[in-house]
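K.L.:
Below are the C-alpha coordinates for one structure; questions will follow.
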Amino acid sequence: MKRIGFALALCAVLVAAVPAQAADTRTHDDSYGTKATYAPGQNPRTYQRPPAGFAPVFTENVSRHGSRAATDSGDGDLLLPLWDKAEAQGQLTRIGEEFGPKARALQDAMATVGYGNLSARGQQEMRSTARRMQQRLPGLFARIARDGEKIDVVSSGQGRAVDSANLYAGALGDTDPALKPLIGATRTDKDLLYFHKAPGGAAYRDYIANDQRLARTLTSLTDQPRTHQAAAGVLRRIFKDAFVQQIPDQVAAAQAVYNLYAIAPAMSEESPGGRGWGMDRFLSRRDASWFGYLSDVEDFYEKGPGFADSDITYKMAGVLLDDLFQQVEAVRAGTGDLGAELRFTHAEEIIPLAALMGLPGSTKAATPDQPYTYADNAWRGASVAPLGANIQWDVFEKNGRYLVRMLYNEKETAFKAACHPISKGSTFYDLDTLESCFGRDAEPGGPPLTARGA
(Lines give C-alpha, C1' and ligand atoms only; values in the text may rest on other atoms or scores of the structure.)
Protein backbone atom coordinates (compact mmCIF):
# COMPACT_ATOMS: atom_id res chain seq x y z
CA MET A 1 0.00 0.00 0.00
CA LYS A 2 2.84 2.40 0.79
CA ARG A 3 4.34 1.82 -2.68
CA ILE A 4 0.98 2.50 -4.35
CA GLY A 5 0.54 5.67 -2.32
CA PHE A 6 4.01 6.88 -3.28
CA ALA A 7 3.43 6.19 -6.97
CA LEU A 8 0.07 8.00 -6.96
CA ALA A 9 1.52 10.99 -5.19
CA LEU A 10 4.45 11.14 -7.58
CA CYS A 11 2.20 10.90 -10.61
CA ALA A 12 0.07 13.75 -9.28
CA VAL A 13 3.15 15.91 -8.96
CA LEU A 14 4.26 14.98 -12.46
CA VAL A 15 0.94 15.96 -13.98
CA ALA A 16 1.36 19.37 -12.42
CA ALA A 17 4.99 19.58 -13.51
CA VAL A 18 4.60 18.67 -17.18
CA PRO A 19 3.12 22.01 -18.37
CA ALA A 20 5.95 23.90 -16.72
CA GLN A 21 8.39 21.45 -18.24
CA ALA A 22 7.06 22.09 -21.73
CA ALA A 23 7.11 25.85 -21.23
CA ASP A 24 10.68 25.91 -19.94
CA THR A 25 13.15 27.79 -22.13
CA ARG A 26 16.63 26.34 -22.58
CA THR A 27 19.38 26.12 -25.12
CA HIS A 28 19.14 23.47 -27.81
CA ASP A 29 22.51 22.09 -26.68
CA ASP A 30 20.73 20.65 -23.63
CA SER A 31 19.01 18.16 -25.92
CA TYR A 32 22.31 16.31 -26.38
CA GLY A 33 22.67 15.51 -22.68
CA THR A 34 26.09 14.20 -21.71
CA LYS A 35 26.82 13.50 -25.38
CA ALA A 36 27.16 17.26 -25.94
CA THR A 37 30.52 18.17 -27.43
CA TYR A 38 33.01 20.28 -25.52
CA ALA A 39 33.62 24.00 -25.67
CA PRO A 40 35.66 25.98 -23.11
CA GLY A 41 33.40 28.01 -20.84
CA GLN A 42 35.44 31.22 -20.75
CA ASN A 43 37.90 33.23 -22.81
CA PRO A 44 41.28 32.68 -21.11
CA ARG A 45 42.08 36.36 -21.57
CA THR A 46 39.41 37.19 -19.01
CA TYR A 47 40.81 35.02 -16.20
CA GLN A 48 41.60 36.90 -13.02
CA ARG A 49 45.27 37.48 -12.30
CA PRO A 50 46.64 36.02 -9.07
CA PRO A 51 47.37 38.50 -6.30
CA ALA A 52 50.70 40.30 -6.52
CA GLY A 53 53.70 38.11 -5.78
CA PHE A 54 51.92 34.77 -6.13
CA ALA A 55 53.45 32.38 -8.67
CA PRO A 56 51.99 29.11 -10.02
CA VAL A 57 53.59 26.05 -8.44
CA PHE A 58 51.23 23.20 -9.38
CA THR A 59 48.21 22.30 -11.49
CA GLU A 60 45.93 19.28 -11.62
CA ASN A 61 42.85 18.17 -13.47
CA VAL A 62 40.11 15.58 -13.67
CA SER A 63 38.97 15.23 -17.28
CA ARG A 64 36.33 13.19 -19.01
CA HIS A 65 37.54 11.57 -22.21
CA GLY A 66 36.91 13.43 -25.45
CA SER A 67 34.13 12.97 -28.01
CA ARG A 68 33.71 9.40 -29.14
CA ALA A 69 31.72 7.02 -31.28
CA ALA A 70 28.69 5.26 -29.81
CA THR A 71 29.65 2.35 -27.59
CA ASP A 72 27.91 -0.20 -29.84
CA SER A 73 25.89 -0.58 -33.04
CA GLY A 74 22.56 -1.26 -31.34
CA ASP A 75 20.73 1.85 -32.52
CA GLY A 76 21.51 1.29 -36.18
CA ASP A 77 20.87 -2.42 -35.82
CA LEU A 78 17.35 -1.62 -34.62
CA LEU A 79 16.51 1.15 -37.08
CA LEU A 80 18.05 0.18 -40.39
CA PRO A 81 16.04 -3.06 -40.85
CA LEU A 82 12.90 -1.01 -40.12
CA TRP A 83 13.95 1.56 -42.69
CA ASP A 84 14.73 -1.11 -45.29
CA LYS A 85 11.31 -2.68 -44.74
CA ALA A 86 9.55 0.68 -45.00
CA GLU A 87 11.45 1.52 -48.18
CA ALA A 88 10.42 -1.76 -49.77
CA GLN A 89 6.78 -1.04 -48.88
CA GLY A 90 6.84 2.59 -50.02
CA GLN A 91 6.24 3.72 -46.44
CA LEU A 92 8.93 6.39 -46.12
CA THR A 93 8.25 10.11 -45.88
CA ARG A 94 10.16 12.50 -48.12
CA ILE A 95 12.54 13.35 -45.27
CA GLY A 96 12.59 9.72 -44.21
CA GLU A 97 14.11 8.73 -47.55
CA GLU A 98 17.28 10.52 -46.42
CA PHE A 99 17.45 8.76 -43.06
CA GLY A 100 18.66 5.32 -44.12
CA PRO A 101 21.70 6.47 -46.13
CA LYS A 102 22.69 9.00 -43.44
CA ALA A 103 22.27 6.56 -40.58
CA ARG A 104 24.12 3.83 -42.46
CA ALA A 105 27.02 6.18 -43.25
CA LEU A 106 27.19 7.30 -39.62
CA GLN A 107 27.20 3.67 -38.47
CA ASP A 108 29.99 2.86 -40.91
CA ALA A 109 32.03 5.83 -39.70
CA MET A 110 31.65 4.75 -36.09
CA ALA A 111 32.62 1.21 -36.94
CA THR A 112 35.74 2.54 -38.67
CA VAL A 113 36.67 4.68 -35.65
CA GLY A 114 35.82 1.76 -33.38
CA TYR A 115 32.76 1.71 -31.15
CA GLY A 116 33.52 3.59 -27.94
CA ASN A 117 36.76 5.03 -29.30
CA LEU A 118 37.70 8.69 -29.59
CA SER A 119 36.62 10.41 -32.77
CA ALA A 120 38.82 12.93 -34.57
CA ARG A 121 36.91 15.67 -32.78
CA GLY A 122 37.56 14.02 -29.43
CA GLN A 123 41.26 13.79 -30.16
CA GLN A 124 41.37 17.48 -31.00
CA GLU A 125 39.43 18.38 -27.86
CA MET A 126 42.12 16.76 -25.74
CA ARG A 127 44.99 18.41 -27.58
CA SER A 128 43.37 21.83 -27.49
CA THR A 129 42.53 21.68 -23.79
CA ALA A 130 46.11 20.68 -23.02
CA ARG A 131 47.52 23.56 -25.04
CA ARG A 132 45.25 26.01 -23.26
CA MET A 133 46.48 24.68 -19.93
CA GLN A 134 50.07 25.37 -20.97
CA GLN A 135 49.15 28.82 -22.30
CA ARG A 136 47.35 29.61 -19.04
CA LEU A 137 50.37 28.68 -16.92
CA PRO A 138 53.50 29.27 -19.01
CA GLY A 139 55.57 30.11 -15.93
CA LEU A 140 54.63 26.84 -14.26
CA PHE A 141 55.58 24.69 -17.22
CA ALA A 142 58.81 26.61 -17.70
CA ARG A 143 59.62 25.89 -14.05
CA ILE A 144 58.72 22.19 -14.48
CA ALA A 145 61.11 21.97 -17.42
CA ARG A 146 63.84 23.90 -15.61
CA ASP A 147 63.66 22.04 -12.30
CA GLY A 148 62.92 18.60 -13.68
CA GLU A 149 59.60 18.20 -11.86
CA LYS A 150 57.39 15.33 -12.95
CA ILE A 151 54.03 15.32 -14.70
CA ASP A 152 51.97 12.33 -13.57
CA VAL A 153 49.33 10.98 -15.96
CA VAL A 154 46.69 8.52 -14.77
CA SER A 155 43.54 7.08 -16.33
CA SER A 156 40.69 4.70 -15.62
CA GLY A 157 42.35 2.11 -17.85
CA GLN A 158 39.47 2.19 -20.35
CA GLY A 159 40.57 2.66 -23.97
CA ARG A 160 39.10 6.11 -24.62
CA ALA A 161 40.38 7.43 -21.28
CA VAL A 162 43.86 6.05 -21.94
CA ASP A 163 43.86 7.55 -25.42
CA SER A 164 42.68 10.90 -24.04
CA ALA A 165 45.47 10.86 -21.46
CA ASN A 166 48.12 10.09 -24.07
CA LEU A 167 46.88 12.76 -26.46
CA TYR A 168 46.70 15.37 -23.71
CA ALA A 169 50.16 14.55 -22.41
CA GLY A 170 51.56 14.42 -25.94
CA ALA A 171 50.19 17.88 -26.70
CA LEU A 172 51.84 19.26 -23.56
CA GLY A 173 55.12 17.71 -24.63
CA ASP A 174 54.79 19.20 -28.08
CA THR A 175 54.56 22.71 -26.59
CA ASP A 176 58.04 22.29 -25.10
CA PRO A 177 60.27 19.30 -25.94
CA ALA A 178 61.95 19.74 -22.55
CA LEU A 179 58.74 18.53 -20.92
CA LYS A 180 58.62 15.21 -22.78
CA PRO A 181 61.06 13.25 -20.58
CA LEU A 182 59.26 14.57 -17.48
CA ILE A 183 55.85 13.21 -18.49
CA GLY A 184 55.31 9.78 -17.03
CA ALA A 185 53.77 6.90 -18.95
CA THR A 186 50.02 6.81 -18.44
CA ARG A 187 49.24 4.59 -15.49
CA THR A 188 45.92 3.02 -14.43
CA ASP A 189 44.05 3.59 -11.18
CA LYS A 190 40.55 2.10 -11.34
CA ASP A 191 39.84 2.76 -7.66
CA LEU A 192 40.38 6.46 -8.30
CA LEU A 193 39.01 6.94 -11.81
CA TYR A 194 36.61 4.05 -12.38
CA PHE A 195 35.22 3.90 -8.89
CA HIS A 196 31.67 3.09 -9.96
CA LYS A 197 32.97 -0.33 -11.09
CA ALA A 198 35.66 -0.73 -8.39
CA PRO A 199 35.19 -2.33 -4.93
CA GLY A 200 34.42 1.11 -3.45
CA GLY A 201 31.33 1.33 -5.66
CA ALA A 202 29.65 -1.88 -4.45
CA ALA A 203 26.88 -0.10 -2.53
CA TYR A 204 26.27 2.17 -5.50
CA ARG A 205 25.94 -0.77 -7.89
CA ASP A 206 23.44 -2.39 -5.53
CA TYR A 207 21.44 0.86 -5.55
CA ILE A 208 21.33 0.91 -9.35
CA ALA A 209 20.34 -2.73 -9.58
CA ASN A 210 17.91 -3.08 -6.70
CA ASP A 211 16.61 0.20 -5.31
CA GLN A 212 12.84 0.17 -5.78
CA ARG A 213 12.37 3.89 -5.22
CA LEU A 214 14.83 4.59 -8.02
CA ALA A 215 13.07 2.16 -10.34
CA ARG A 216 9.62 3.62 -9.59
CA THR A 217 10.82 7.17 -10.02
CA LEU A 218 12.55 6.56 -13.33
CA THR A 219 9.50 4.73 -14.66
CA SER A 220 7.13 7.48 -13.52
CA LEU A 221 9.24 10.25 -15.06
CA THR A 222 10.00 8.54 -18.35
CA ASP A 223 6.78 6.64 -19.10
CA GLN A 224 4.62 9.73 -19.50
CA PRO A 225 2.09 10.50 -22.27
CA ARG A 226 4.55 13.15 -23.52
CA THR A 227 7.14 10.43 -24.14
CA HIS A 228 4.78 8.45 -26.33
CA GLN A 229 3.72 11.62 -28.16
CA ALA A 230 7.36 12.53 -28.81
CA ALA A 231 8.13 9.00 -29.98
CA ALA A 232 5.29 9.08 -32.48
CA GLY A 233 6.40 12.52 -33.64
CA VAL A 234 9.94 11.33 -34.29
CA LEU A 235 8.88 8.22 -36.17
CA ARG A 236 6.33 10.04 -38.32
CA ARG A 237 9.07 12.28 -39.68
CA ILE A 238 10.70 9.15 -41.12
CA PHE A 239 7.88 6.66 -41.71
CA LYS A 240 4.34 7.05 -42.94
CA ASP A 241 1.66 6.72 -40.29
CA ALA A 242 0.49 3.27 -41.36
CA PHE A 243 4.01 1.92 -40.92
CA VAL A 244 4.48 3.68 -37.56
CA GLN A 245 1.44 1.79 -36.28
CA GLN A 246 3.24 -1.49 -37.08
CA ILE A 247 6.27 -0.71 -34.90
CA PRO A 248 5.72 -2.67 -31.66
CA ASP A 249 7.88 -0.46 -29.41
CA GLN A 250 7.69 3.05 -30.75
CA VAL A 251 9.54 4.56 -27.77
CA ALA A 252 12.53 2.26 -28.26
CA ALA A 253 12.67 3.02 -31.97
CA ALA A 254 12.41 6.78 -31.41
CA GLN A 255 15.02 6.54 -28.66
CA ALA A 256 17.38 4.94 -31.18
CA VAL A 257 16.81 7.84 -33.59
CA TYR A 258 17.55 10.25 -30.74
CA ASN A 259 20.71 8.37 -29.82
CA LEU A 260 22.07 8.75 -33.35
CA TYR A 261 21.12 12.43 -33.28
CA ALA A 262 22.90 12.88 -29.95
CA ILE A 263 26.16 11.18 -30.96
CA ALA A 264 26.38 12.74 -34.44
CA PRO A 265 28.13 16.00 -33.39
CA ALA A 266 30.85 13.96 -31.67
CA MET A 267 31.50 12.34 -35.06
CA SER A 268 31.37 15.57 -37.07
CA GLU A 269 34.94 15.30 -38.43
CA GLU A 270 34.15 11.90 -39.93
CA SER A 271 31.11 13.23 -41.83
CA PRO A 272 31.33 13.92 -45.57
CA GLY A 273 33.45 17.04 -45.93
CA GLY A 274 33.32 17.52 -42.15
CA ARG A 275 30.01 19.33 -42.58
CA GLY A 276 28.03 17.22 -40.11
CA TRP A 277 25.55 14.40 -40.47
CA GLY A 278 22.29 16.33 -40.57
CA MET A 279 20.62 14.01 -38.06
CA ASP A 280 18.74 16.96 -36.59
CA ARG A 281 16.42 16.81 -39.61
CA PHE A 282 14.77 13.74 -38.17
CA LEU A 283 13.63 15.20 -34.84
CA SER A 284 11.79 18.41 -34.12
CA ARG A 285 13.50 20.60 -31.55
CA ARG A 286 10.67 19.94 -29.14
CA ASP A 287 10.98 16.17 -29.44
CA ALA A 288 14.78 16.27 -29.28
CA SER A 289 14.55 18.36 -26.12
CA TRP A 290 12.15 15.88 -24.54
CA PHE A 291 14.41 12.91 -25.22
CA GLY A 292 17.33 15.00 -23.96
CA TYR A 293 15.38 15.55 -20.76
CA LEU A 294 14.74 11.82 -20.41
CA SER A 295 18.47 11.20 -20.78
CA ASP A 296 19.14 13.77 -18.07
CA VAL A 297 16.52 12.17 -15.80
CA GLU A 298 18.46 8.91 -15.79
CA ASP A 299 21.83 10.58 -15.22
CA PHE A 300 20.46 12.89 -12.51
CA TYR A 301 19.05 10.04 -10.41
CA GLU A 302 21.73 7.45 -11.17
CA LYS A 303 24.91 9.59 -11.07
CA GLY A 304 24.06 13.12 -9.97
CA PRO A 305 22.40 14.86 -7.00
CA GLY A 306 19.68 12.18 -6.89
CA PHE A 307 17.38 12.01 -3.87
CA ALA A 308 17.72 14.65 -1.16
CA ASP A 309 17.86 12.10 1.66
CA SER A 310 20.66 10.01 0.13
CA ASP A 311 24.27 10.49 -0.96
CA ILE A 312 24.63 7.04 -2.55
CA THR A 313 25.12 8.47 -6.06
CA TYR A 314 28.06 10.71 -5.19
CA LYS A 315 29.56 9.62 -1.86
CA MET A 316 31.99 7.29 -3.64
CA ALA A 317 33.52 10.30 -5.45
CA GLY A 318 35.15 11.16 -2.12
CA VAL A 319 38.21 9.17 -3.17
CA LEU A 320 38.71 11.56 -6.09
CA LEU A 321 38.11 14.76 -4.11
CA ASP A 322 40.49 13.42 -1.47
CA ASP A 323 43.17 12.92 -4.11
CA LEU A 324 42.74 16.49 -5.37
CA PHE A 325 43.45 17.78 -1.88
CA GLN A 326 46.26 15.34 -1.16
CA GLN A 327 48.20 16.42 -4.24
CA VAL A 328 48.05 20.08 -3.22
CA GLU A 329 48.91 19.24 0.38
CA ALA A 330 51.98 17.32 -0.80
CA VAL A 331 53.14 20.40 -2.70
CA ARG A 332 52.76 22.53 0.42
CA ALA A 333 54.53 19.96 2.58
CA GLY A 334 57.38 19.61 0.09
CA THR A 335 56.90 15.84 0.01
CA GLY A 336 55.98 15.55 -3.66
CA ASP A 337 57.99 15.94 -6.84
CA LEU A 338 55.12 16.73 -9.20
CA GLY A 339 54.47 19.89 -11.14
CA ALA A 340 51.18 18.56 -12.56
CA GLU A 341 48.76 15.71 -11.95
CA LEU A 342 46.58 14.78 -14.94
CA ARG A 343 43.61 12.41 -14.56
CA PHE A 344 41.32 10.99 -17.26
CA THR A 345 38.00 9.35 -16.57
CA HIS A 346 34.31 9.16 -17.51
CA ALA A 347 30.93 10.81 -16.97
CA GLU A 348 30.24 8.23 -14.24
CA GLU A 349 33.00 9.89 -12.21
CA ILE A 350 32.68 13.55 -13.28
CA ILE A 351 28.95 13.74 -12.47
CA PRO A 352 29.24 12.39 -8.89
CA LEU A 353 32.30 14.57 -8.24
CA ALA A 354 30.37 17.65 -9.36
CA ALA A 355 27.53 16.72 -7.01
CA LEU A 356 29.89 16.02 -4.10
CA MET A 357 31.62 19.36 -4.58
CA GLY A 358 28.39 21.27 -5.12
CA LEU A 359 29.51 22.64 -8.49
CA PRO A 360 27.12 24.90 -10.45
CA GLY A 361 24.03 23.01 -11.55
CA SER A 362 24.71 20.14 -9.12
CA THR A 363 23.49 21.68 -5.87
CA LYS A 364 19.82 20.68 -5.82
CA ALA A 365 18.55 17.17 -5.20
CA ALA A 366 15.02 15.86 -5.80
CA THR A 367 12.30 15.23 -3.25
CA PRO A 368 9.16 13.07 -3.45
CA ASP A 369 6.96 16.13 -3.99
CA GLN A 370 9.43 17.86 -6.35
CA PRO A 371 10.97 15.38 -8.79
CA TYR A 372 13.62 16.43 -11.26
CA THR A 373 12.34 18.55 -14.14
CA TYR A 374 13.98 21.20 -16.27
CA ALA A 375 11.47 23.74 -14.98
CA ASP A 376 12.71 23.72 -11.39
CA ASN A 377 16.20 22.23 -11.41
CA ALA A 378 19.33 23.64 -13.06
CA TRP A 379 21.02 20.26 -13.56
CA ARG A 380 21.85 19.64 -17.23
CA GLY A 381 24.05 16.84 -18.49
CA ALA A 382 25.28 19.02 -21.34
CA SER A 383 26.89 21.50 -18.95
CA VAL A 384 27.70 19.24 -15.98
CA ALA A 385 29.57 16.58 -17.94
CA PRO A 386 29.80 17.10 -21.70
CA LEU A 387 32.31 15.02 -23.60
CA GLY A 388 35.72 16.41 -22.61
CA ALA A 389 34.40 17.96 -19.36
CA ASN A 390 37.09 18.89 -16.86
CA ILE A 391 37.74 20.25 -13.40
CA GLN A 392 41.12 21.93 -12.91
CA TRP A 393 42.82 23.35 -9.82
CA ASP A 394 45.70 25.81 -10.24
CA VAL A 395 47.89 26.37 -7.18
CA PHE A 396 49.85 29.57 -6.47
CA GLU A 397 52.35 30.29 -3.69
CA LYS A 398 53.91 33.29 -1.98
CA ASN A 399 56.01 33.14 1.18
CA GLY A 400 54.55 29.81 2.23
CA ARG A 401 50.92 30.79 1.60
CA TYR A 402 49.03 28.72 -0.98
CA LEU A 403 46.05 29.78 -3.07
CA VAL A 404 43.82 27.58 -5.21
CA ARG A 405 41.78 28.59 -8.26
CA MET A 406 39.24 26.21 -9.77
CA LEU A 407 38.23 26.03 -13.42
CA TYR A 408 35.16 23.98 -14.37
CA ASN A 409 35.11 23.33 -18.09
CA GLU A 410 37.75 26.06 -18.25
CA LYS A 411 35.51 28.64 -16.60
CA GLU A 412 36.65 30.24 -13.34
CA THR A 413 34.27 28.74 -10.80
CA ALA A 414 33.61 29.43 -7.15
CA PHE A 415 33.81 26.66 -4.62
CA LYS A 416 30.62 25.90 -2.69
CA ALA A 417 28.96 28.78 -0.86
CA ALA A 418 30.35 27.81 2.54
CA CYS A 419 33.89 28.42 1.25
CA HIS A 420 35.02 32.05 1.15
CA PRO A 421 37.57 33.41 -1.34
CA ILE A 422 40.41 35.68 -0.29
CA SER A 423 38.24 38.70 -1.16
CA LYS A 424 34.74 39.29 -2.45
CA GLY A 425 34.46 38.37 -6.11
CA SER A 426 37.87 36.71 -6.21
CA THR A 427 38.30 33.26 -7.74
CA PHE A 428 41.28 32.53 -5.48
CA TYR A 429 40.91 30.59 -2.22
CA ASP A 430 43.36 30.10 0.60
CA LEU A 431 44.23 26.41 0.86
CA ASP A 432 43.74 26.48 4.63
CA THR A 433 40.26 27.91 4.11
CA LEU A 434 39.35 25.18 1.63
CA GLU A 435 40.60 22.46 3.95
CA SER A 436 38.46 23.83 6.75
CA CYS A 437 35.46 24.26 4.46
CA PHE A 438 35.66 20.64 3.30
CA GLY A 439 36.29 19.29 6.79
CA ARG A 440 39.87 18.19 6.19
CA ASP A 441 41.29 20.16 9.11
CA ALA A 442 39.27 17.98 11.50
CA GLU A 443 40.69 14.73 10.13
CA PRO A 444 43.97 15.39 8.28
CA GLY A 445 44.29 13.05 5.36
CA GLY A 446 40.86 11.60 5.98
CA PRO A 447 38.02 11.35 3.50
CA PRO A 448 36.27 14.60 2.64
CA LEU A 449 32.91 15.33 4.13
CA THR A 450 29.84 15.55 1.91
CA ALA A 451 30.03 18.83 0.06
CA ARG A 452 26.65 19.47 -1.47
CA GLY A 453 24.88 22.31 0.34
CA ALA A 454 27.34 22.16 3.23
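The values are calculated or read from the model by the stated rules, or taken from the named source; none is laboratory data. Given the structure is predicted, the values throughout are model-derived calculations rather than measurements. In this analysis, Cβ positions are derived from the backbone assuming ideal geometry, glycine residues included, and neighbour counts consider all displayed protein chains. Accessible surface areas use protein heavy atoms only, side chains included; no ligands, DNA or RNA. Shrake-Rupley method; radii C 1.70, N 1.55, O 1.52, S 1.80 Å.
K.L.:
From the backbone phi of region 127-140, what are the Karplus-calculated ³J(HN,Hα) couplings (6.51 cos²θ - 1.76 cosθ + 1.60, θ = phi - 60°) in whole Hz, Gly and Pro given as x?
P.N.:
4, 5, 5, 4, 4, 5, 4, 5, 5, 6, 10, x, x, 5
K.L.:
Can you report the principal axis dimensions of region 243-384 using only the alpha carbons, biggest first, rounded to whole angstrom?
P.N.:
69, 48, 24
K.L.:
For region 24-154, build the convex hull from the C-alpha positions and give me its volume per residue in Å³.
P.N.:
Per residue, the Cα convex hull of region 24-154 comes to 174 Å³.
K.L.:
I've got another one for you. Sorted by mean Cβ packing within 10 Å, highest first, what order do the peptides 264-273, 413-422 take?
P.N.:
On the way: 264-273: 18.6, 413-422: 16.6.
With the highest mean Cβ count within 10 Å placed first, the list reads 264-273, 413-422.
K.L.:
Ok, one more. Of the accessible area of the chain, with the probe set at 1.4 angstrom, what percent is carbon plus sulfur? Could the numbers behind the result be given before it?
P.N.:
Details: 9470 of 18590 Å².
Answer for the chain: carbon and sulfur cover 51 percent of the accessible area.
K.L.:
Across 5 Å bins from 0, what is the distribution of all Cα-Cα pair distances for region 92-174, in whole percents?
P.N.:
Result returned by the calculation: 3, 13, 16, 17, 13, 10, 8, 6, 6, 4, 2, 2, 1, 0.
K.L.:
Something else about it: Which of the peptides 240-252, 75-87 is most tightly packed, and how do the rest follow, going by the mean number of other Cβ atoms within 10 Å of each residue?
P.N.:
On the way: 240-252: 14.3, 75-87: 17.5.
Order by mean packing, descending: 75-87, 240-252.
K.L.:
A further question follows. Please sort 386-399, 201-214, 32-45 by packing, taking for each peptide the average over its residues of neighbouring beta carbons within 10 angstrom, highest first.
P.N.:
Working: 386-399: 21.8, 201-214: 14.5, 32-45: 18.1.
Peptide ranking by packing, descending: 386-399, 32-45, 201-214.
K.L.:
If you don't mind, another one. What are the ³J(HN,Hα) couplings of region 246-252, residue after residue, when phi is run through the Karplus curve with 6.51, -1.76, 1.60 and θ = phi - 60°? Round to Hz, x for glycine and proline.
P.N.:
Karplus-based 3J(HN,Hα) across region 246-252 equals 8, 7, x, 10, 5, 5, 5 Hz.
K.L.:
Helix-only estimate, please: 222 nm mean residue ellipticity of the chain, summing -39500 (n - 2.57) across DSSP H runs of length 4 or more and dividing by its residues, to the nearest 500.
P.N.:
Numbers: 17 runs with 211 residues, N = 454.
Roughly -14500 deg cm²/dmol at 222 nm, from the helical runs in the chain.
K.L.:
If you wrap a convex hull around the Cα atoms of the chain, how much volume per residue is inside, in Å³? Could you put the intermediate results ahead of the total?
P.N.:
Details: hull volume 69.0 nm³, N = 454.
So the per-residue Cα hull volume is 152 Å³.
K.L.:
Can you tell me the dipole magnitude for the chain around its Cα centre, using point charges on the Cβ only (Lys, Arg +1; Asp, Glu -1), in Debye to the nearest 20? Numbers along the way, then the final one.
P.N.:
Numbers: 50 positive and 54 negative charges, 177 e Å.
Its charge dipole is roughly 860 debye.
K.L.:
Out of His346, Leu434, Ala105, whose Cα points farthest toward the positive end of the dipole of the chain (charges: +1 Lys, Arg; -1 Asp, Glu; placed on Cβ)?
P.N.:
Ala105
K.L.:
A further question follows. Read phi for every residue in region 75-85 and hand back ³J(HN,Hα) as whole Hz from Karplus 6.51 cos²θ - 1.76 cosθ + 1.60, θ = phi - 60°, with x for Gly and Pro.
P.N.:
Residue by residue, region 75-85 yields 5, x, 5, 7, 7, 5, x, 4, 5, 4, 5 Hz.
K.L.:
With only alpha-carbon atoms counted, please give the Rg and Dmax of region 157-314, in Å.
P.N.:
Spelled out, the Cα radius of gyration and Dmax of region 157-314 are 21.1, 66 Å.
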